[in-house]
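What follows is a short report on a single structure.
The values are calculated or read from the model by the stated rules, or taken from the named source; none is laboratory data. Fair warning: this is a prediction, and the values are worked out from it, not measured in the lab. Methodologically, a virtual Cβ is constructed for each residue, glycine included, from the backbone with ideal geometry; neighbour enumeration extends over all protein chains shown.
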Amino acid sequence: MKGRFTHNKITLKEHIDLLDQNEKAGIRALKNLLYKMRYKLKDIGYPRVSENDELVYEYMNLIFETQDYRCTHWLEVKDGEINSSWNAPGSDYFKWRSKILYYEIDHVYPCNAGGKDGLENFQFLSANANRFVKCSMVYEDLLKRVDLSDRLKDRIRDVLARRKALFESKKWKDFIKKIDDYEKNV
């Protein structure tokens, strides 16, 4: 056990210095989410869709568009500033040594508050934002937190409004029809 907590140690500051906290999620971030998203799709009744990378990526892109291809809790930073988007350390600090942000699938409306697994209830957050900012809270309560900036609250409200618009759009209805048809006809 010697060295268990110090092997390959890197500090959070060193990790944040490696990241471009303003970078948009690119293909590497999407690829890192692919396996998790396949599992979620299979789990919610889309086993065939879950095996079609093109459809899985299409779904992830639809959701990421509402988030500007960043964490829902992302705020633009300038030199020396830190937002809430960073990785959990991972085994041997692997993810803290990474230059890319690893996203997690989060429930917009948490399961512990009655939320369900469903296409309209998933969002992509950084590990830190998921575990230490949102903390399994419903957004109605999260937006009451006095320790969060108005700027962050405005960002969250904006993303939630974009999600609502997406789910009411023809684009979303066409996507749902496409995956429902694919699921039935493959």
* Answer yes or no as to whether Asp117 is of a type in the set (Asp, Glu), in contact (Cβ under 8 Å) with a residue 12 or more places away in the chain and in contact with a His (Cβ under 9 Å, 6 or more places away or on another chain). => yes
* **Every residue from the range 87-116 that is more than 13 Å from the chain's Cα centre (by Cα) and under 19 Å from Val159 (Cα atoms)** => Tyr109, Pro110, Gly115
* Where residues in the range 99-135 are touching a strand residue (DSSP E or B) at 6+ places or on another chain (Cβ under 9 Å) and of a type in the set (Phe, Trp, Tyr), which of them is farthest from Tyr59 (Cα to Cα)? -> Tyr102
* To do: Give the residue, chosen from Lys178, Lys170, that is in contact with a helix residue (DSSP H, G or I) (Cβ under 9 Å, 6 or more places away or on another chain) and loosely packed, with under 14 Cβ neighbours inside 10 Å.
  => Lys178
* Are any residues in the range 98-131 within 14 Å of Gln21 (Cα to Cα) and in a helix (DSSP H, G or I), and if so, which ones? -> Ala127, Asn128, Ala129
* Structure fact -> Restricting attention to the range 161-186, the residues that are more than 20 Å from the chain's Cα centre (by Cα), aliphatic (A, V, I, L, M) and at pLDDT 95 or above number exactly 2
* Being outside any loop (DSSP other than H, G, I, E, B), among the hydroxyl-bearing types (Ser, Thr, Tyr) and touching a residue at least 24 places away in the same chain (Cβ under 8 Å) is the filter here, so list the residues in the range 80-97 that pass it. => Tyr93
* Asked: Residues in the range 33-49: is at least one crowded, with 18+ Cβ neighbours inside 10 Å and under 22 Å from Ser91 (Cα atoms)?
  -> yes
* Only residues that are assigned to a helix (DSSP H, G or I) and either closer than 18 Å to Val77 by Cβ or in contact with a strand residue (DSSP E or B) (Cβ under 7 Å, 6 or more places away or on another chain) (or both): list them for the range 139-156, please. => Asp150, Arg151, Leu152, Lys153, Asp154, Arg155, Ile156
* Run down Asn83, Asn128 and say which single residue is out of contact with any His (no Cβ under 8 Å at 6 or more places or on another chain) and either over 23 Å from Leu34 (Cα atoms) or surrounded by 14 or more Cβ atoms within 10 Å (Cβ to Cβ) (or both). => Asn128
* Structure fact -> The condition of being among the aromatic types (Phe, Trp, Tyr), more than 18 Å from Phe167 (Cα to Cα) and touching a strand residue (DSSP E or B) at 6+ places or on another chain (Cβ under 8 Å) holds, among Trp86, Trp96, only for Trp86
